[in-house]
1. Springs between alpha-carbon pairs under 10 angstrom, Gaussian network model over the chain: which of Arg220, Arg255, Arg128 fluctuates most?
2. Using a simple spin-label model with points 7 Å from Cα along the Cα→Cβ vector, what separation in nm is obtained for Ser188 and Thr207?
3. Between Asp228 and Phe131, what FRET efficiency follows from the Cβ-Cβ distance if R0 is 30 Å, with the result rounded to 0.05?
4. Could you please state, rounded to a whole Å, how far the C-alpha centre of the stretch 201-251 is from the C-alpha centre of the stretch 40-106?
5. Report the gain in length on full extension from Lys263 to Val35: 0.36 nm times residue separation, minus Cα-Cα distance, nm rounded to one decimal.
6. Top mean-square fluctuation among Ser191, Ser285, Ser109, Gaussian network model of the chain, C-alpha springs under 10 Å?
7. Can you tell me how much longer the chain between Glu242 and Ala175 gets when fully stretched, taken as 0.36 nm per residue apart minus their C-alpha distance, in nm with one decimal?
8. Please list 131-140, 37-46 highest first by mean number of surrounding beta-carbon atoms within 10 Å per residue.
Amino acid sequence: MIRSAIIGCGSYTPENIVKNSDLEGVVETSDEWIVQRTGIRQRHIAVEGETTADLGEKAARAALIHAGITPDDLDMIILATSTPNNTFPATSVEIQHRLGMSHGAAFDSQAVCSGFVFALTTADQYIRTGFAKRILVIGAETFSRILDWNDRTTCVLFGDGAGAVVLEAVEGEGAPTDRGILTAHLRSDGSHKQKLYVDGGPSSTKTVGFLRMEGREVFRHAVGMITDVIEAAYAATGYGSEDLDWFVPHQANKRIIDASAKKLGIPPEKVVITVDHHGNTSAASIPLAFCEAVTDGRIKKGDLVLFEAMGGGFTWGSVLFRY
Ligand code: UT7
């Protein structure tokens with residue numbers, strides 16, 4: 001059977017770093033509160049004129065080099081973002097053009113913080129049906145542009161960045177020991193819309209709007225939803241937490257990550273944490289964290305890796321794969 005294997009990854013974060021102490025002059029907050037409640041110490045923030053397409057293009061180029069392929073070898077680009085350059089065309093098409101690619105197809109996918117897991121699962125479907133052989137999947141965000149910098153309950157939490165992976169069709173046995181994506185589980189429930197949303201949009205207000213969040217409410221649902229889709233991944237493959245080499249969760253809050261890992265019995269030394277230096281980069285957080293752990297040698301070929309995310313909508317999902 002055909003499996004989708006990750007053959008390369010790349011990432012990019014803006015050079016401009018904003019530390020918690022820098023935010024003490026922007027809103028009434030403290031480094032101590034932010035670290036204690038979230039684990040965040042700093043985040044990268046795009047400078048004026050630096051866009052989601054800029055970050056996504058840099059991550060894409062790095063992923064292509066790491067995979068040892070050129071844009072000519074790609075059949076498709078899927079970009080997960082909630083902060084596109086324009087309402088349309090899709091920012092992925094801009095990235096496609098910048099890469100000098102005029103064949104194949106590019107489109108954006110929107111599931112907020114779960115966006116990368118949704119985009120990766122979509123790409124996996126195209127590959128397993130034989131529709132595409134190689135797909136570049138990018139998560140890129142400039143959340144700083146939709147933050148209300150007067151709202152201390154949200155503006156301290158997010159950052160900008162991009163990560164990308166190249167998926168390629170490989171032959172598998174159909175067994176859990178195969179290389180590539182073994183199982184994926186996606187969920188959404190729009191009844192939670194008002195807990196995490198942007199208060200604008202082309203069709204409703206003709207504005208871009210700002211991010212609004214009932215943080216405590218999101219927190220309250222997060223661990224249950226995360227463990228639900230991870231248990232679904234275990235049930236589908238026969239694997240359990242003891243079999244994982246690495247857990248790469250969406251990076252929203254270290255307390256959510258710690259509580260989820262504890263509930264699932266995943267030891268802290270198997271958890272990749274980047275929220276301390278990236279903040280919450282929404283759809284970019286998983287590929288950023290994955291790429292960091294691949295680059296520093298923690299994640300190795302053959303490792304069993306679990307991605308998980310939960311965010312606005314609510315949306316949530318998991319992808320279990322052998323790298
Ligand atoms: O990626 C998508 C999913 N998003 C998430 O997963 C985020 C989920 N939520 C969270 O991570 C947490 O709920 C937050 C980090 C947003 C907040 O942490 P919390 O422990 O739930 O705090 P809280 O909202 O209950 O607020 C506690 C207090 C409040 O003051 P009072 O009402 O107790 O007097 C807030 O006004 O902390 C206050 N507060 C702050 N104080 C200093 C809120 N934001 C700040 C701030 N600095 N930046």
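Every number here is computed from the coordinates shown, using simple stated rules; none is lab data. Owing to the predicted nature of the structure, the values given are computational and were not obtained by experimental measurement. Quick reminder, even Gly has a Cβ in these numbers, built from the backbone with ideal geometry, and neighbours come from all protein chains shown.
1. Fluctuation is largest for Arg220.
2. Distance between label points: 2.5 nm.
3. My answer for the efficiency is 0.55.
4. Rounded to whole Å, the Cα centres lie 23 Å apart.
5. Net length gain for the segment: 79.9 nm.
6. Sorting by GNM fluctuation, first place goes to Ser191.
7. Contour length minus Cα-Cα distance gives 22.3 nm.
8. 131-140, 37-46
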